[in-house]
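Okay, structure first, notes after.
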Amino acid sequence: MLQQFNVVVSGNLTSTSHVDGRSYVGLNANGGDYVQHVNDTPASAYAGLTVGGTLSGNVHVNGLGLVTGGDANGINVNSGASYVGGSASGSSFNGDAWIVGAANGGNFNGGIHAASYANINVNPGRVLAAPTGAMTSTLAASTSTNFGAVMTGLSSQLSAMHATDGTKVTYSNNDSNVLLSGKAVNGVLVFDLTKEDSKIFSSKVTDISFNLTGASTVIFNTDDSDLSLYANFNQAQTLGSKLIWNFAGHNNSVTVGRTFGGQVLVADGTFSNVGGANVEGGVFAKTLNQYGEIHLQSFTGTVPTAPVPEPETYAMLLAGLGVMGAMLHRRKKQG
């Protein structure tokens, strides 16, 4: 999920901005400009935009096609095959389009099928007898995964991980500057911010920076239910592909008002990037209110399948192995 998608929303999405890569919306989507960077988007069986319900509000899909389970109203698909499970009105399709319901108004510049046609422009006028292979593939993918359950499971998995020994949250300049620092174990660095999140994500903080020694994967666990950050986020573009922010609070709300870096996981709540605040990473949430760009920074790290042992745990393990080795050596000599 973190590699294939730029955005996954299990519920509803509202957007006035663009998403660089692939998006999935479980319910309804209103507005937005999707798959801005077609060539940089990782390969997947999914369409460029998949919507479980209705799609409306001057939507643009720049490539890799579309699947929507409901109606499509006022949308433009620049390339790729499209499957619309309802009716399509006032929409343009530059690739093949299969409309289960009626096609009313709009332009069709590839093959077309609809239950009925009214006021449409068709070029070249090729009628499809059946969904194409591309449509069949993306349609099958669209219902293959319960992303709500995937996000909830991932959030629980991350929350169970122990904080890496030595991680620190340092405040300065009357608590307006925050430094998150630590040294990774096997490339993984885990922060437990459950006692700090309301202080970090507050209007008082104006600058947040990082010192993440040896880390290729960094996980920040929080559990507060209402968080907002309007601070300068240092190294957002550099760190975006390494960081996972696990906002694990129940029915929570997370708002950022300036550029933010990392994969944002709000499995049971709403994420909002407001005032044109960009996200350098990805957004994976129950609900998304998008008023800033979401740039493609696919996750390049590795999520451990078990809690990361702290350095002293390794020391104890090695000491235990040493004792066992000595005991076996003595037994062999006695034998």
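The values are calculated or read from the model by the stated rules, or taken from the named source; none is laboratory data. Predicted model, so just to flag it, every value in this text is computed and none were measured. Cβ atoms come from the backbone with ideal geometry, glycine included; neighbour counts cover every protein chain shown.
Things to note:
- Odd one out for Ser10, checked against (1) surrounded by fewer than 20 Cβ atoms within 10 Å (Cβ to Cβ); (2) over 30 Å from Asn119 (Cβ atoms); (3) among the small types (Gly, Ala, Ser): (1)
- Index of the failed condition, Gly90 passing every other in (1) surrounded by fewer than 18 Cβ atoms within 10 Å (Cβ to Cβ); (2) closer than 26 Å to Gly276 by Cβ; (3) at pLDDT 95 or above: (2)
- Among the residues making up the stretch 31-63, those that are in a strand (DSSP E or B) and either crowded, with 18+ Cβ neighbours inside 10 Å or β-branched (Val, Ile, Thr) (or both) are Asp33, Tyr34, Leu49, Thr50, Val51, Leu55, Ser56, Val59, Val61.
- Any hit, the stretch 223-239, residues being within 18 Å of the chain's Cα centre (by Cα) and either in a strand (DSSP E or B) or surrounded by fewer than 19 Cβ atoms within 10 Å (Cβ to Cβ) (or both): yes
- Options Asp192, Asp165; residue that is at pLDDT 95 or above, farther than 30 Å from Val9 by Cα, charged (D, E, K, R) and surrounded by fewer than 20 Cβ atoms within 10 Å (Cβ to Cβ): Asp165
- Restricting Val256, Val218, Val279 to those that are touching a His at 6+ places or on another chain (Cβ under 9 Å), closer than 28 Å to Asn146 by Cα and of a type in the set (Val, Ile, Thr) reduces the list to Val279.
- In the stretch 198-240, the residues that are more than 23 Å from Asn6 (Cβ to Cβ) and of a type in the set (S, T, N, Q): Ser198, Ser202, Ser203, Thr206, Ser209, Asn211, Thr213, Ser225, Asn232
- Contacts under 6 angstrom Cβ, first residue in the stretch 93-109 being under 16 Å from Ser79 (Cβ atoms), partner assigned to a loop (DSSP other than H, G, I, E, B) and among the aliphatic types (A, V, I, L, M), 6 or more apart: Gly95/Ala81; Asp96/Ala81
- Selected residue [assigned by TED's automatic domain parsing to the domain that holds Gly11, within 27 Å of Leu296 (Cβ to Cβ) and not basic (Lys, Arg)] from Asp71, Asp40: Asp40
- Filter result for Gly106 (in contact with a Phe, Trp or Tyr (Cβ under 8 Å, 6 or more places away or on another chain) and part of a strand (DSSP E or B)): yes
- Complete set of residues in the stretch 68-90 that are among the hydroxyl-bearing types (Ser, Thr, Tyr) and either touching a Phe, Trp or Tyr at 6+ places or on another chain (Cβ under 9 Å) or in contact (Cβ under 8 Å) with a residue 40 or more places away in the chain (or both): Thr68, Ser79, Ser82, Tyr83
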